[in-house]
Amino acid sequence: MLAVVALLALLTGCGSGNSGAAGVPTQTGEADSGVDGVRAPSEATGGTLRLVAGDIDSLDPQRSYVPGVWNLMRLYIRTLVTYSSEPGRTDELVPDLATDLGTTPDGGRTWTFTLKAGVRFETGRDITSRDVKYGIERSFASDVITGGPNYVLDLLDTEDVYAGPYQDEAPDKLGLSSIATPDDTTITFTLSTPTPDFPFVMALPSSSPVPVENDAGAAYGGDPVSSGPYVVTSADPSIGVVLDRNPQWDPATDAVRTALPDQVVVRSGLSAVARDQALLAGSADADLSGTGVQQVTTSRLDGDELTGRIDDVTTGSLRLLALPTTVAPMDNADCRAAVAAAVDRGAVQEALGGPGNVVRSSLLWPRALAGGPEDPDPGPDLAAARASLTACGKPDGFSTVLAVPDAPNTVAVANAIADDLAEVGIAAEVRPLDPSTYYASDVGDPGNVTAQGYGIVLATWTADFPTSASFLVPLVDGRSLRAVGNTNYARLADPGVNGLVDAARAATDPAAAAGAWRQVVTAVDATHVYVPLAENRVQLLAGQRLRNGVVMQPYGGYDVVTAGVS
């Protein structure tokens, strides 16, 4: 810990007053040059890449659920497949530890991967298929390994309840029967249901290999074992992290990571404004958080030099209203239709800071996801809203509660929506709730939503990976309903929608699959259980030393595995 504190203090002191003076190579470029291209290309190696971040939840790959931390983890862990670092194609998968993207003989029920030869942990030991299996099995130890994604828990076909490797009392300790490792380089997964998106699950850090001999259980994040080009040499998640080169990493086995800097330093625990200030002052090269520059900072971005350092990114994070079907009168489709017709997305956009911060959206489909329908971007239709109120037996309107996270911009959006609804006689009481419990236990607990009478829920939804299934299924599939941590906020349990989801999952041709998912969206739209409002945009500010800046679309920031500073 002392080492990281000393190094962070040194970097902060040296860079805090630097604005491109002598000795600091100032990055040049054009606006948005890192979105589909490379910002300030360079093949030079050396130097220290300086990153800033908010809170780091964990350096344990099985325990993190923060996309910015997942981006950081690409420096020290590898997975069977990972996201491409090619500009404009960062939402696509490429092989990493595996020789290909996996093969399935049965439409996605069974998946087999073959590991590359010559890939080693920082300890010098070869990475085997059993290390990948063990890393995945750690996620099943819910009493020890907490906080990370749980896709594998739902997908892997298990006859018996498996409690993870720490409670495995079998003499042979073979672990999950649904993961077979017949030799050191072959791993086969048997899933509970056909899942064409399974390779994206394998790209999550939670699917990375862990050597059993180095596993410290809940403390593993203090000293995670590297399979990538850098080793975590000092770490305190509340202060910062230092990574140095991993001499065991062989670039011949890795077509994704360029590993240009000699060292990477992360200053964590910084507020959003503090991160902006570090980028403007020259003491940071990139922000890991993916939140972009703050509104208070944008007034300083008028100069041509700063404008050229901005990459404008539509994030895939969709703000929407959910109208829970278990709360009257939202159990009536016509009453829901009245809410949907009365909403003014233009007012929502203005409440969120204008088109620079959000783009209006009336579709349950992110803009960056290919194959979506055209967005008609409708305005409010008060006549249609009043007609729907009459049809639902509430011609004079009704009263309901609008639940919202207690944050200034979301409360402002809720108030704008309440004003819209008041125009047709719908009285929506805006009820701000604690942001720290909002999704976990307030609107993520279906029983609480019903008991509290939350007829409208303002939510922000982002998929874990860029596929139609990842975005839509947790929101609309009735079989995804959970008593805790529920994301089907509208409590939609429609057999017709579920059937369309099954048909879309089964489609193997990409064009046919896109058409099938559009049918899902059309069917959900007809139920009026969700009212899409706007998709978030961020303006990424590149530090003045940043080279090879490539926007990593799934993580909403610059890809750290291509970045350099020389």
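Quick notes
- Filtered residues of the stretch 192-226 (kept if of a type in the set (G, A, S) and either touching a residue at least 60 places away in the same chain (Cβ under 8 Å) or outside any loop (DSSP other than H, G, I, E, B) (or both)): A203, S206, S207, S208, G217, A218, A219, G221, G222, S226
- Here W365 passes the criteria (1) under 31 Å from the mean Cα position of the chain (by Cα); (2) not in a loop (DSSP other than H, G, I, E, B) except the one numbered (2).
- Condition check for E374: within 27 Å of the chain's Cα centre (by Cα) and free of Cβ contacts under 8 Å to residues at least 12 places away in the same chain: yes
- Residues that are in a loop (DSSP other than H, G, I, E, B) and surrounded by 14 or more Cβ atoms within 10 Å (Cβ to Cβ) within the stretch 163-191 comprise A163, G164, D168, G175, L176, S178, D184, T185, listed in sequence order.
- For the stretch 271-290, the tally of residues that are buried (at least 20 other Cβ atoms within 10 Å of the Cβ) and either at positive phi or part of a loop (DSSP other than H, G, I, E, B) (or both) stands at 7.
- Boolean, N448 is without any contact (Cβ under 8 Å) to a residue 24 or more places away in the chain and either charged (D, E, K, R) or over 30 Å from Q553 (Cβ atoms) (or both): yes
Each row is one residue, and each column tells you yes or no for (1) within 22 Å of T315 (Cα to Cα); (2) surrounded by fewer than 21 Cβ atoms within 10 Å (Cβ to Cβ); (3) touching a Phe, Trp or Tyr at 6+ places or on another chain (Cβ under 8 Å).
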{"residue": "T437", "(1), (2), (3)": "no, yes, no"}
{"residue": "S441", "(1), (2), (3)": "no, yes, no"}
{"residue": "A469", "(1), (2), (3)": "yes, yes, yes"}
{"residue": "D477", "(1), (2), (3)": "no, no, no"}
{"residue": "R505", "(1), (2), (3)": "no, no, no"}
{"residue": "V531", "(1), (2), (3)": "yes, no, no"}
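- Taking the stretch 409-429 as the range and being touching a residue at least 12 places away in the same chain (Cβ under 8 Å) and hydrophobic (A, V, I, L, M, F, W, C) as the test, the residues that pass are V411, A412, V413, A414, A416, I417, A418, L421, V424, I426, A427, A428.
- Against the test of being closer than 25 Å to N488 by Cβ, in contact with a Phe, Trp or Tyr (Cβ under 8 Å, 6 or more places away or on another chain) and hydroxyl-bearing (S, T, Y), the options S317, S362 yield a single qualifying residue, S317.
- Meets criteria (basic (K, R), assigned to a loop (DSSP other than H, G, I, E, B), at pLDDT 95 or above and surrounded by fewer than 22 Cβ atoms within 10 Å (Cβ to Cβ)) for R545: no
- Members of the stretch 66-114 found to be closer than 14 Å to S206 by Cβ and either of a type in the set (S, T, Y) or out of contact with any Asp or Glu (no Cβ under 8 Å at 6 or more places or on another chain) (or both), listed by number: P67, W70, M73, I77, T79, T82
- Any chance T103 is over 27 Å from P67 (Cβ atoms), surrounded by fewer than 17 Cβ atoms within 10 Å (Cβ to Cβ) and under 26 Å from the mean Cα position of the chain (by Cα): yes
- Of all residues in the stretch 233-270 being of a type in the set (A, V, I, L, M, F, W, C) and farther than 25 Å from L93 by Cβ, the one that is surrounded by the fewest Cβ atoms within 10 Å (Cβ to Cβ): I239
- When S388, S361 are checked against the criterion of being in contact (Cβ under 8 Å) with a residue 12 or more places away in the chain, at negative phi and out of contact with any strand residue (DSSP E or B) (no Cβ under 7 Å at 6 or more places or on another chain), a single residue qualifies: S388.
- Which numbered condition A387 fails, given (1) among the small types (G, A, S); (2) touching a Lys or Arg at 6+ places or on another chain (Cβ under 6 Å); (3) in a helix (DSSP H, G or I): (2)
- Residue in the stretch 344-357 that is buried (at least 18 other Cβ atoms within 10 Å of the Cβ), in the same structural domain as L481 (by TED's automatic domain parsing), out of contact with any helix residue (DSSP H, G or I) (no Cβ under 8 Å at 6 or more places or on another chain) and not in a loop (DSSP other than H, G, I, E, B) present: yes
The values are calculated or read from the model by the stated rules, or taken from the named source; none is laboratory data. Computed from a predicted structure; not experimentally measured. Note that we place each Cβ from the backbone using ideal geometry, even for glycine, and neighbour counts take in every protein chain shown.
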